[in-house]
Each structure stands twice: as structure tokens, then as C-alpha cells.
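Colleague: Would you mind keeping the following structure in view while I ask a few things?
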Amino acid sequence: MSKLLDWSVFFQDLPGGGEEYWQLIVSGVYWTLGVSACAWLIALAVGSIVGTIRTTTEPWMVRLGNGWVELFRNIPLLVQMFLWYFVIPEFVPPLKAWIVGTDPVNGQFAAAVLCLGLFTSARVAEQVRAGIQSLSRGQRNAGMALGLTQPQVYRFVLLPMAFRIVIPPLTSETMNLIKNSSIALTIGLAELTFRSREMGEYTFHFFEAFSAATLIYIAIGMTANRVMAFVEKRVAVPGYIAGGGK
Amino acid sequence: MNLDFEVVVRTLPYLWGGFLYTVQLTVIASIGGLFFGTLLALARLSPLKVLSNVAAGYVNLMRSIPLVLVLFWFFFLMPTVLQLVTGGERPPQIGAERTAIITFVMFEAAYFCEIMRAGIQSIPKGQVYSAYALGLTYAQSMRLVVLPQAFRNMIPILLTQTIILFQDTSLVYVISATDFTGAASKIAQRDGRLIEMYTFVAVVYFVLCYTLSYAVKRLQHRIAVIR
């Protein structure tokens, strides 16, 4: 029977030998960060496009954007993860062939990134839409009056303002994304939560393993928060309440 | 690829059992979460520094770690903690289903706390002052004046949070509890019918959540007109 609390367990060797438990946890951190970073890029790119088209004057574009958001918002993330990993490849033969042929880790990573990226894109789209609609109507009208086309109005007038306004809500979406990446463990991706449970099961030191994971999640979240706060400050629009009062 | 959606019809009673557990978990977690969340919100707004710091610490901790990790914390460590508390010979077996209910109540309390805190802070200070001027105690002014209004103002957000909770309950899959998703997943793996079962589950969740969020939107409209 092991002692109740024993923090030196992180420096014991894994059953296979060679590595110590802290290295197992660190390898999980890499996957958590890798999946989150890749998914974040997809979410930002797709979410910006979908959020923008929802504010245009083309009814079919607005409907398409709204449909996209409703689709990803109303199915649990876990079920979406299963759909991307188990179901969708069955309908796309080349994808199926790739998943069968490649290292399972590649398939899990791709499915997790796509799933989390598109799920978060729907949430980013909602924020971007709200950001654009919070601008006064005069901005769009002034752009049109200057002779800009609709794409130009978005490119030069609306989006530069809207993106700065939505940084605070995007910060919390970023933190949600990092937390949601833990759901990738259900398709076998060995990210942080997966590794901490694995360590607990090997050593029966669940408390120590989960404490480490908890502290690491808090640290990652705080770092993401600080980085976004820095960006927010750098790009703040002078004269707005959020602009730091200069 | 041959699809056989008959598997859904064949296993409907089992899936229904899982679905009932999902609903039960959602209802208990939202009511329990709202109750403890309101208490937490009152603690966070308390002038007692110790109380508000403890409540804020709890809420921030719960909100900064993934739900999956919280489920693991409770699932693997609650038996040990209960054993320490009761001093029994061996850890009591409480099962995944009950663990999930306790976890969700504790986890959702943190989220409902933030909603109720915003609700309470949206009430003008004058309301509290007039309650005190009428001679009501703190407890009376909260129960009779502030909380009913805060609660009513926040109904749409509380309902939206409950829809999110309804979706999040699917995560009890990670501790092998048999909710709707868990039941479907067990059949899917037993019968090798992953495509049919997961598609069915996705469609059911989508239809339910879409309808519910549409209803909440309508309600929000009506409340907005009245006020």
C-alpha cells in the first residue's frame, strides 16, 4: 500500500523504463497545446468568415452563416468528436484509406483539430457578428458614401474596428478551447488529462497526478489570458472606453 | 458500406433508459447548481472578505479546469475521501451515475454563481436600501426583494446555461456512466454500428437543443416586451 501523498512519484520510472512520470505529463501538455493552437487557427479563420457573412445584405449568405452556427452549437462536443473520428471518414473513402494506413495518432490529431476548430468557429462567428453589429450604422454608410464596394467597406472600415472590439470575448473562447481539448481523450488522443489519468492508474497516486494537471491547466489559461490582454492593449482603439483612456 | 438503422429501433428501450438518465442528471444538476450557485453568489458579494475570497477561489478554480478533469477528480477520489470521513474499512462504492450527479451539481454551481451574481448586481441599490428602510433583515431583503427580481431577469440566460448543461452531461461517458450518449456508444461498439448510432444521437440532440434554444429566444422576446 502506497503512502497517502507522495510527490516524489513524478520522478519514478514508467513501467516500461526509460522515462519518468513527469515526462509523461509533459508529453500530454505538448498535445494539449498542439491541438489547441491548430484548432484555434481554424476557429479564427472560419469563424471570422462565417461571422462576417452573417452581417452582409445577401439573405442566402446570412442563412448559410446562421445554419453553420446552429449546427455546431446544438450537438454536444463529445458527439461531434465521435462523428469526426468514426462517422465522417466512412463517407469519404480517401480519408478512410489515410486513417487506416497512417499511425493512429495522426488520425486522432486531425479529427480533434477539425472538430474543435469548427466547433469553436461557430462561437467565434457569434462574437464577430456581435462585434460588427455593435458598430454604429454611420460607419458602414460613410464607407459606402466614399464609394467603397461592400468588400472594401468590410476590409477597410468595419473589420478593423470589429476585431479589436471582440478581443475580450475571444479571450474567453480561447480558454474554452483549451479546456475543451481534453475531450479529445475520448478518441484516444494522449493529451494532458489523458496522461494524468494514465499516471494515476499506473501509480494509484491519482491526487498528485490530477493536482499536476489542474495546476498546468490554470497556468496555461493564465498565460493565454495575459497574451490576449497584451494584444488587446497593443491594438486598442484610442477614444473607446476599452482603449486605455489615452 | 451497408447501413442498418433498424439497430436503433431494436435497442430503443435501452436508449430510452439512457435518455431518462440524461434528463434526470440535467434536472438535478440545474436545480442543485442553481441553489448552490445562488448561495455562492451571495457569498461572493458578501462584505466578509474571507467568505467572498473562498467563494471566488472555488468559482475560479472550477471555471479554469476542464469538466472531464473535474469528473475524474470526483470519480477517482470521492471514494477515498468518503472513506477518510467515515473511517470505514474500505472505500464505499458509490457508482458512476451518482458520482456524475454530485460532480455536475458542484461544477454547475460555479457557472450558475456567475449568472446569479450578474443578476443580483443588475438590481438597483435603492431596492436594497428601501428593503432595509422597511425594517427587513438581510435574509428577508434577499429572499423577498432582490433574489426574485434577479432570478427573473436572468431566466433566459439560466435556461441557455441549462441547454449547455444538457449537452455537457454527455461527458459522463468518460466515467462509463450510461446516459443517452453512453447507451448509444455501448450498443455501437457491441453491434459494430458506430455510424448509425452516432448519427442518430447527433440528430436527436440537434433537434432537441435547436427547439429548446428557439423556445428560449421566443421567451426572451416576450419578457423583453413586458418589462
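Colleague: Can you pull out the GluC sites (Glu not before Pro) in segment A:1-92 that DSSP calls coil and that have at most 13 other Cβ atoms within 10 Å? Walk me through the numbers on the way to the answer.
Modeller: Details: sites: A:19, A:20, A:70, A:90; in loops: A:19.
Taking segment A:1-92 and a limit of 13 other Cβ atoms within 10 Å, the loop GluC sites (Glu not before Pro) found are A:19.
Colleague: Could you give the semi-axes, largest first, of the ellipsoid that matches segment B:1-113, computed as the square roots of 5 times the alpha carbon gyration tensor eigenvalues and rounded to whole Å?
Modeller: 34, 20, 13
Colleague: For chain A, what relative contact order do you get, as a whole percent, if you take Cα pairs closer than 8 Å and at least 6 residues apart? Can you show the working numbers first?
Modeller: Numbers: 273 pairs, mean separation 64.2, N = 246.
Across chain A, relative contact order equals 26 percent.
Colleague: Now, a different point. Just to check I understand the Karplus step: with θ = phi - 60° and J = 6.51 cos²θ - 1.76 cosθ + 1.60, what whole-Hz values come out for segment A:76-90, glycine and proline as x?
Modeller: x, 4, 4, 5, 4, 4, 4, 4, 5, 8, 9, 9, 4, x, 5
Colleague: Tally Lys and Arg at +1 and Asp and Glu at -1 over the other residues with C-beta under 12 Å from the C-beta of residue A:109: what net charge comes out?
Modeller: On the way: positive: none; negative: A:103, A:191.
Around residue A:109, the charge tally is -2.
Colleague: Applying the Karplus parametrisation 6.51 cos²θ - 1.76 cosθ + 1.60 with θ = phi - 60° to the phi angles of segment A:222-228, what ³J(HN,Hα) value in whole Hz is obtained for each residue in order, glycine and proline being reported as x?
Modeller: Computed from phi, the couplings for segment A:222-228 are 5, 5, 4, 4, 5, 4, 5 Hz.
Colleague: Round to the nearest 10 and give me the degree value, 0 to 90, for the angle of helix B:155-168's Cα axis relative to the longest principal axis of chain B.
Modeller: Taking the Cα atoms of chain B, the angle to B:155-168 is about 30 degrees.
Colleague: For a quick protection proxy, order the peptides A:79-89, A:31-41 by their average other-Cβ count within 10 Å, most packed first.
Modeller: Numbers: A:79-89: 21.5, A:31-41: 20.0.
So the peptides A:79-89, A:31-41, ranked by packing, come out A:79-89, A:31-41.
Colleague: How crowded by other chains is B:83-95, given as the mean number of beta carbons from other chains within 10 Å of each beta carbon? Mind showing how you got there, number by number?
Modeller: Working: counts 0, 1, 0, 0, 0, 0, 0, 0, 0, 0, 0, 0, 0.
That average works out to 0.
Colleague: Using a Cα distance threshold of under 30 Å, what count of lysine pairs results for the protein assembly as shown when pairs must be 8 or more residues apart or interchain?
Modeller: Total qualifying Lys-Lys pairs in the protein assembly as shown comes to 9.
Colleague: Decide, for segment A:81-214, between rounded, prolate and oblate: order the square roots of the alpha carbon gyration tensor eigenvalues as a ≥ b ≥ c, take rounded if a/c falls under 1.5, and otherwise choose prolate if a/b is larger than b/c, else oblate.
Modeller: Since a/c reaches 1.5 but b/c is at least a/b, the shape of segment A:81-214 is classed as oblate.
Colleague: Additional query: In terms of the Cα gyration tensor, with a ≥ b ≥ c the square roots of its eigenvalues, is segment B:6-226 rounded because a/c is under 1.5, prolate because a/b exceeds b/c, or oblate?
Modeller: It comes out oblate by the Cα gyration axes.
Colleague: Along the charge dipole of segment B:6-226, which of B:206, B:109, B:95 sits closest to the positive end, that is, farthest toward it, with unit charges on the beta carbon of Lys, Arg, Asp and Glu (+1, +1, -1, -1)?
Modeller: Of the options given, the answer is B:109.
Colleague: Same structure again: In a Gaussian network model over chain B where Cα atoms closer than 10 Å are linked, find which of B:50, B:68, B:174 has the largest mean-square fluctuation.
Modeller: B:50
Colleague: Rg to Rh ratio, the protein assembly as shown, alpha-carbon atoms and Kirkwood radius? Intermediate results must be reported in sequence, preceding the final value.
Modeller: Numbers: Rg = 24.3 Å, Rh = 24.7 Å.
My calculation puts Rg/Rh at 0.98.
Any read-out appearing in this document is the output of simple, stated calculations on the displayed coordinates, not a laboratory observation. All of these numbers come straight from a predicted model, not from anything done at the bench. Here the Cβ is made from the backbone with ideal geometry for all residues, glycine too, and neighbour counts use every protein chain on show.
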